[in-house]
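Asks: Okay, handing you the structure first.
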Amino acid sequence: MNTSQLLDPPRRQPAVRPPRRGADEAAPPIGAVSIPPVGPSGAGARRSPTARLTPAASAFLRRHASAVPIVLVLLAGVAVVLGSGITHYPGFSDDEGTYAAQAWAVLTQGTLAHYTYWYDHPPLGWLQLALLMRLAGPLLPGPGAVAAARGLMLLPALASAALVYVLARRLSLRPVFAATAVLLFALSPLAVTLLRQVYLDNLATPWLLGAFVLAASPSRRLWAYAASGACFAVAMLTKETSLLALPGLGLLVLQRVDRRTRSFCLAAFGLSCGLIALGYPLYALLKGELLPGRGHVSLLEALTFQLYRRPGTGSPLASSSAAHHLIAGWLHTDPWLLALGVGLIPCALAVRGLRPVGVVLAVFAVMPLHGGYLPQPYVIGLLPFCALAIAGVLNASWNESTRSSGRTRLRRAAVVAVAVSLLVIVGPRWQRGDAYAMRADQTRPEHAAERWIAAHVDRRARLLVDDTLYVDLVRMGFAQRFGVVWFYKMDFTTNLDPSIVRHLPGGWRSFDYVVSTPVIRSALEQSPGGLEQVRLLLQNSRPVATFGAGSERVEVRRVVGVGVGSGLIPRAGGRPHPKPSRRAARSGRAAPGSIHERAPRSRIRTRHS
């Protein structure tokens, strides 16, 4: 044996045993070549599509073969109702313009906001919107940035509807009641109005429902709880009001976790949630904007402003408060889903499987009573859980009638009678509300105003607008930031960004035009002591073009007076200003309008969230 064999001895090859044969099977002759069989199980057989899938995918399709068609049919119906007229109804809100502008800034400027980002919300929401804009690209509807962003809102709405069905099934609801929950959630006129709009709450809802779906996973695996915590952290960083669902989610985790691995699963849930959520303050720390300081914004200062210094909307119990009018607007649009969902909280708490849903509803229903600030999209977080509570109580009543000895048919008949009565009473009203939402056009005056500005206003002019016009006017060639100015930046009523106030010390006198929209008039009505520069600008301007009528009208107003204007275009004098007709062909002096004219108050009011 040489040295190389000592250092690297030859490895013994494992013996290969021939396959066992039956007693009646003859051995092949020596030297014969074995040929693989040709047939259904042979190599030359054509494999079915199911066989080409992985075993896990094949098992999934077999388990959910009946559920997939149901979900697809439900989503098709929801897509038709939500997608028809999505860019025309309801009218644009300032929040929609803000989030569309911030997503546009991410894509075009590489910044988190079109002005100074002052930590008003975590940026993950409009980062997701920017990603959808980049992926969708030419498929987006138009015209306008907000209209294009609304087209994208169909995606999170459909994802939320599908997750409502999955969560209902994992909460042990029968398929018919799970489908009922989806229809209640997506076809309510209130849902049709709100799920279309570019709100961070709509982007957060799929993540929140995904966290509940994973926490209710029947496998009870460690990864499911870790993924649930991660989804919940993403929901919080998309819209911070998702934090209110934590008690219900925590209860669901405690109910479903295996006792033998409880400590590991709870640790996985908490760590995944906490580590992802800590990314937000860590970002502020790395930028030196965690704590207040001179010359920069800070996360702590923004939190203090949002919690303590921001003007509140009052108590919902006070009939004169803004919160009371906002809730009245929700109930006027659809009283059934909210009233039934909140009214069934005790019943949901009494059923063990529905207890997490009842806890979420209870927390969301109690929070507005403290009298702070109640934003318009707050109700979006209630909608899926109201639908689950109603469908879940019906399912529990049906199951109870099945278990009861005697009078089973009578109890089932009672459940069916209640469901049919609700369908007869609520169905026609929902049908009328959804049909109106699919046909109405409340954004036409704004589009007409944009076309007039593009044809008649010098691109060097400085305009004060709401955020729904910002991106479109910048794309037309007007200067961003200080050429087209968002009206909320004129003071510190709702924000802490000092850039506009420092750059334009002349205040309202530095502008050439102001575009009076329903958004601006609603903001002035809701902030009696704020936005003083905006009020002065409207008082010292005259309309040169008006589109629409009543509460939906949009006025393009020219600033007049001595020593006013940006200085970049000729000042407005006593000469007539061109006023277009339908074909923009005639000229004439515009009749002065009163900015304090009050339009009829809409039932669902626009407010900054």
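Asks: Considering only C-alpha atoms, what is the centroid distance from region 210-254 to region 517-560, in Å?
Replies: 44 Å
Asks: Please arrange SER510, SER499 by counting, for each residue, the other beta carbons lying within 10 Å of its beta carbon, fewest first. Each step should come with its number before you reach the end.
Replies: Values: SER510 21, SER499 13.
Fewest-to-most Cβ neighbours within 10 Å comes out as SER499, SER510.
Asks: Say the dipole of region 230-339 comes from +1 at the beta carbon of Lys and Arg and -1 at that of Asp and Glu; which of TYR308, SER320, CYS231 then lies farthest toward its positive end?
Replies: Of the candidates, CYS231 comes out farthest on the positive side.
Asks: Based on other C-beta atoms within 10 Å, arrange HIS296, HIS114, HIS88 from fewest to most. Could the numbers behind the result be given before it?
Replies: On the way: HIS296 13, HIS114 24, HIS88 19.
Least crowded to most crowded, the residues run HIS296, HIS88, HIS114.
Asks: If R₀ is 45 angstrom, what is the calculated FRET efficiency for the pair ARG62 and HIS296, using the beta carbon separation as r and rounding to 0.05?
Replies: Details: r = 58 Å, r/R0 = 1.29.
It comes out at approximately 0.20.
Asks: What FRET efficiency, computed as 1/(1 + (r/R0)^6) with R0 = 51 Å and r the Cβ-Cβ distance, is obtained for GLU400 and LEU107, rounded to the nearest 0.05? Walk me through the numbers on the way to the answer.
Replies: Details: r = 54 Å, r/R0 = 1.05.
The computed FRET efficiency comes out at 0.45.
Asks: May I ask which residue of LEU374, LEU299, ALA348 lies farthest towards the positive end of the charge dipole of region 293-410, with charges of +1 (Lys, Arg) and -1 (Asp, Glu) on Cβ and the Cα centre as origin?
Replies: Result: ALA348.
Asks: Can you classify region 146-251 as rounded, prolate or oblate using the Cα gyration tensor, where a ≥ b ≥ c are the square roots of its eigenvalues, rounded means a/c under 1.5, and otherwise it's prolate if a/b beats b/c and oblate if not? Provide the component values of the computation, followed by the final result.
Replies: Working: a/c = 2.19, a/b = 1.27, b/c = 1.72.
Oblate, because a/c is 1.5 or more while a/b does not exceed b/c.
Asks: Between LEU72 and LEU317, what is 0.36 nm times their sequence separation minus the Cα-Cα distance? Round to one decimal in nm. Walk me through the numbers on the way to the answer.
Replies: Working: separation 245, 0.36 × 245 = 88.20 nm, distance 4.21 nm.
So the extension gain works out to 84.0 nm.
Any read-out appearing in this document is the output of simple, stated calculations on the displayed coordinates, not a laboratory observation. Because the structure is a prediction, the values reported are computed rather than measured. Using ideal geometry, Cβ is built from the backbone for each residue, glycine included, and neighbour counts are taken over all protein chains shown.
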